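Only one structure is covered here, and it is reproduced in the block below.
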Amino acid sequence: MSISGHKVYGPKGVGALIVQSQIRSQIQPLFFGGGQQYGLRSGTVSPFLVVGLAEAVKIATFEMDKDNFLLSNMSNLFLKSLANRTSIHLNGSMQNRLPNNLNIRFEMLASDLMVKTPNVAISIGSACLSIGGSIEPSHVLKALGLSDEEIKKSARISVGRFTNERDISLAVNYLLQTLTSNFSDLSR
(Lines give C-alpha, C1' and ligand atoms only; values in the text may rest on other atoms or scores of the structure.)
Protein backbone atom coordinates (compact mmCIF):
# COMPACT_ATOMS: atom_id res chain seq x y z
CA MET A 1 0.00 0.00 0.00
CA SER A 2 1.28 3.46 -0.80
CA ILE A 3 0.23 6.82 0.63
CA SER A 4 1.09 10.26 -0.74
CA GLY A 5 1.20 12.98 1.90
CA HIS A 6 -0.70 15.57 -0.13
CA LYS A 7 -3.57 13.11 -0.75
CA VAL A 8 -4.33 13.01 2.99
CA TYR A 9 -3.88 16.76 3.64
CA GLY A 10 -0.27 16.29 4.67
CA PRO A 11 2.90 17.82 3.24
CA LYS A 12 3.92 17.38 -0.39
CA GLY A 13 7.08 15.45 -1.11
CA VAL A 14 6.57 12.62 1.35
CA GLY A 15 4.81 9.30 1.25
CA ALA A 16 4.79 5.88 2.76
CA LEU A 17 5.10 2.44 1.25
CA ILE A 18 3.90 -0.51 3.27
CA VAL A 19 5.26 -3.79 1.93
CA GLN A 20 4.39 -7.27 3.13
CA SER A 21 7.49 -9.04 4.36
CA GLN A 22 6.74 -11.99 2.04
CA ILE A 23 7.19 -9.85 -1.08
CA ARG A 24 9.86 -7.39 0.08
CA SER A 25 12.58 -9.28 -1.82
CA GLN A 26 10.57 -8.94 -5.06
CA ILE A 27 10.55 -5.14 -4.98
CA GLN A 28 13.47 -3.40 -6.65
CA PRO A 29 14.53 0.20 -6.05
CA LEU A 30 14.17 2.77 -8.83
CA PHE A 31 17.40 4.52 -7.82
CA PHE A 32 20.48 3.00 -6.27
CA GLY A 33 22.79 4.61 -3.77
CA GLY A 34 23.20 4.57 -0.02
CA GLY A 35 20.83 1.70 0.64
CA GLN A 36 18.66 3.44 3.23
CA GLN A 37 15.04 2.42 3.82
CA TYR A 38 15.77 -1.32 3.62
CA GLY A 39 17.60 -0.79 0.34
CA LEU A 40 14.45 0.45 -1.42
CA ARG A 41 15.26 4.15 -1.35
CA SER A 42 18.51 6.06 -1.18
CA GLY A 43 18.81 9.11 0.99
CA THR A 44 17.42 10.10 4.34
CA VAL A 45 13.79 11.11 4.57
CA SER A 46 13.13 14.50 6.17
CA PRO A 47 11.91 14.00 9.75
CA PHE A 48 9.68 17.08 9.39
CA LEU A 49 7.90 15.58 6.40
CA VAL A 50 7.53 12.22 8.13
CA VAL A 51 6.02 13.84 11.23
CA GLY A 52 3.70 15.91 9.01
CA LEU A 53 2.54 12.79 7.17
CA ALA A 54 2.04 10.89 10.43
CA GLU A 55 -0.03 13.75 11.87
CA ALA A 56 -2.15 13.98 8.69
CA VAL A 57 -2.84 10.23 8.79
CA LYS A 58 -3.73 10.49 12.49
CA ILE A 59 -6.19 13.34 11.83
CA ALA A 60 -7.66 11.49 8.83
CA THR A 61 -8.19 8.40 10.99
CA PHE A 62 -9.99 10.34 13.74
CA GLU A 63 -12.03 12.45 11.30
CA MET A 64 -12.84 9.67 8.80
CA ASP A 65 -16.52 9.17 9.64
CA LYS A 66 -17.23 12.91 9.80
CA ASP A 67 -15.27 13.54 6.59
CA ASN A 68 -16.99 10.69 4.74
CA PHE A 69 -20.40 12.07 5.71
CA LEU A 70 -19.48 15.59 4.57
CA LEU A 71 -17.79 14.41 1.36
CA SER A 72 -20.73 12.21 0.46
CA ASN A 73 -23.17 15.07 1.04
CA MET A 74 -21.11 17.52 -1.02
CA SER A 75 -20.67 15.02 -3.88
CA ASN A 76 -24.39 14.28 -3.90
CA LEU A 77 -25.22 18.00 -3.85
CA PHE A 78 -22.84 18.60 -6.75
CA LEU A 79 -24.33 15.76 -8.77
CA LYS A 80 -27.93 16.81 -8.05
CA SER A 81 -27.23 20.49 -8.78
CA LEU A 82 -25.57 19.63 -12.08
CA ALA A 83 -28.20 17.07 -13.12
CA ASN A 84 -30.95 19.64 -12.51
CA ARG A 85 -29.35 21.99 -15.06
CA THR A 86 -27.77 19.84 -17.78
CA SER A 87 -27.77 16.32 -19.19
CA ILE A 88 -25.17 14.12 -17.48
CA HIS A 89 -24.52 10.48 -16.65
CA LEU A 90 -22.63 9.19 -13.61
CA ASN A 91 -19.90 6.73 -14.62
CA GLY A 92 -19.70 3.89 -12.14
CA SER A 93 -21.74 3.09 -9.07
CA MET A 94 -23.37 5.62 -6.81
CA GLN A 95 -22.99 3.28 -3.82
CA ASN A 96 -19.59 1.65 -4.42
CA ARG A 97 -17.29 4.63 -4.78
CA LEU A 98 -15.15 6.98 -2.74
CA PRO A 99 -17.41 9.60 -1.14
CA ASN A 100 -15.38 12.53 -2.51
CA ASN A 101 -15.08 11.38 -6.10
CA LEU A 102 -17.47 11.64 -9.05
CA ASN A 103 -16.82 10.66 -12.62
CA ILE A 104 -19.41 12.31 -14.84
CA ARG A 105 -20.09 11.99 -18.55
CA PHE A 106 -21.52 15.07 -20.20
CA GLU A 107 -23.72 15.06 -23.29
CA MET A 108 -21.79 18.12 -24.42
CA LEU A 109 -18.07 18.03 -25.15
CA ALA A 110 -15.98 17.95 -21.98
CA SER A 111 -12.42 17.63 -23.30
CA ASP A 112 -11.42 21.24 -22.58
CA LEU A 113 -13.03 21.47 -19.15
CA MET A 114 -9.82 21.10 -17.18
CA VAL A 115 -8.12 23.92 -19.03
CA LYS A 116 -11.04 26.28 -19.49
CA THR A 117 -13.03 26.13 -16.25
CA PRO A 118 -11.75 28.93 -13.99
CA ASN A 119 -11.35 28.41 -10.25
CA VAL A 120 -12.34 24.73 -10.32
CA ALA A 121 -9.96 21.78 -10.54
CA ILE A 122 -11.45 19.26 -12.93
CA SER A 123 -9.61 16.29 -14.35
CA ILE A 124 -10.29 14.72 -17.74
CA GLY A 125 -7.65 12.05 -17.20
CA SER A 126 -5.02 10.75 -14.86
CA ALA A 127 -1.81 12.75 -14.64
CA CYS A 128 -0.08 9.37 -14.43
CA LEU A 129 -1.36 8.51 -17.91
CA SER A 130 -0.51 11.79 -19.59
CA ILE A 131 1.91 11.02 -22.37
CA GLY A 132 3.63 13.91 -24.12
CA GLY A 133 0.84 16.31 -23.20
CA SER A 134 -1.97 14.08 -24.46
CA ILE A 135 -4.26 12.19 -22.13
CA GLU A 136 -4.74 8.50 -22.80
CA PRO A 137 -8.31 7.19 -22.38
CA SER A 138 -8.91 5.96 -18.85
CA HIS A 139 -8.41 2.21 -18.52
CA VAL A 140 -10.87 2.27 -15.60
CA LEU A 141 -13.62 3.82 -17.73
CA LYS A 142 -12.77 1.37 -20.53
CA ALA A 143 -13.20 -1.49 -18.03
CA LEU A 144 -16.63 -0.08 -17.17
CA GLY A 145 -17.52 -0.51 -20.85
CA LEU A 146 -17.34 3.11 -22.04
CA SER A 147 -16.31 3.88 -25.60
CA ASP A 148 -13.42 6.25 -26.36
CA GLU A 149 -16.00 8.89 -27.37
CA GLU A 150 -17.83 8.52 -24.04
CA ILE A 151 -14.52 8.71 -22.17
CA LYS A 152 -13.69 11.98 -23.98
CA LYS A 153 -16.94 13.41 -22.61
CA SER A 154 -16.10 12.36 -19.04
CA ALA A 155 -14.46 14.25 -16.20
CA ARG A 156 -13.45 13.37 -12.67
CA ILE A 157 -14.61 15.87 -10.09
CA SER A 158 -13.57 15.66 -6.46
CA VAL A 159 -14.68 17.51 -3.36
CA GLY A 160 -12.54 17.91 -0.28
CA ARG A 161 -12.64 18.23 3.48
CA PHE A 162 -13.08 22.00 3.24
CA THR A 163 -15.67 22.06 0.42
CA ASN A 164 -18.94 23.77 1.37
CA GLU A 165 -22.31 24.41 -0.29
CA ARG A 166 -21.19 27.78 -1.67
CA ASP A 167 -18.18 26.09 -3.31
CA ILE A 168 -20.54 23.55 -4.92
CA SER A 169 -22.80 26.29 -6.26
CA LEU A 170 -19.86 28.24 -7.70
CA ALA A 171 -18.30 25.12 -9.24
CA VAL A 172 -21.56 24.10 -10.91
CA ASN A 173 -21.99 27.63 -12.30
CA TYR A 174 -18.39 27.78 -13.61
CA LEU A 175 -18.74 24.34 -15.15
CA LEU A 176 -22.03 25.16 -16.86
CA GLN A 177 -20.59 28.41 -18.23
CA THR A 178 -17.66 26.45 -19.70
CA LEU A 179 -19.93 23.77 -21.16
CA THR A 180 -22.23 26.39 -22.70
CA SER A 181 -19.27 28.31 -24.12
CA ASN A 182 -17.73 25.13 -25.60
CA PHE A 183 -21.06 24.06 -27.09
CA SER A 184 -21.69 27.45 -28.70
CA ASP A 185 -18.11 27.43 -30.10
CA LEU A 186 -18.74 24.04 -31.69
CA SER A 187 -22.04 25.04 -33.28
CA ARG A 188 -20.46 27.98 -35.16
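Taking all protein chains together and a probe of 1.4 Å, list THR44, THR86 from the most accessible to the least accessible.
THR44, THR86
Per 0.36 nm of contour for each residue apart, how much would the distance between ASN101 and ALA143 grow if the chain were fully extended, relative to their Cα-Cα spacing?
Taking 0.36 nm per residue and subtracting the Cα distance, the gain is 13.4 nm.
Roughly how many Å² is the accessible area per residue of segment 1-116, as a whole number, for a 1.4 Å probe?
Here the per-residue accessible area is 69 Å².
Relative contact order for segment 1-87 using alpha-carbon pairs under 8 Å, separation at least 6, rounded to a whole percent?
23 percent.
Calculate, in nm to one decimal, what ILE59 and ARG161 gain on full extension: separation in residues at 0.36 nm each, minus their alpha carbon distance.
35.6 nm
The values are calculated or read from the model by the stated rules, or taken from the named source; none is laboratory data. In this text the structure is predicted, and so the values were computed from the model without any measurement. Keep in mind that these areas ignore ligands, DNA and RNA; they rest on the heavy atoms of the full protein, side chains included. Shrake-Rupley method; radii C 1.70, N 1.55, O 1.52, S 1.80 Å.
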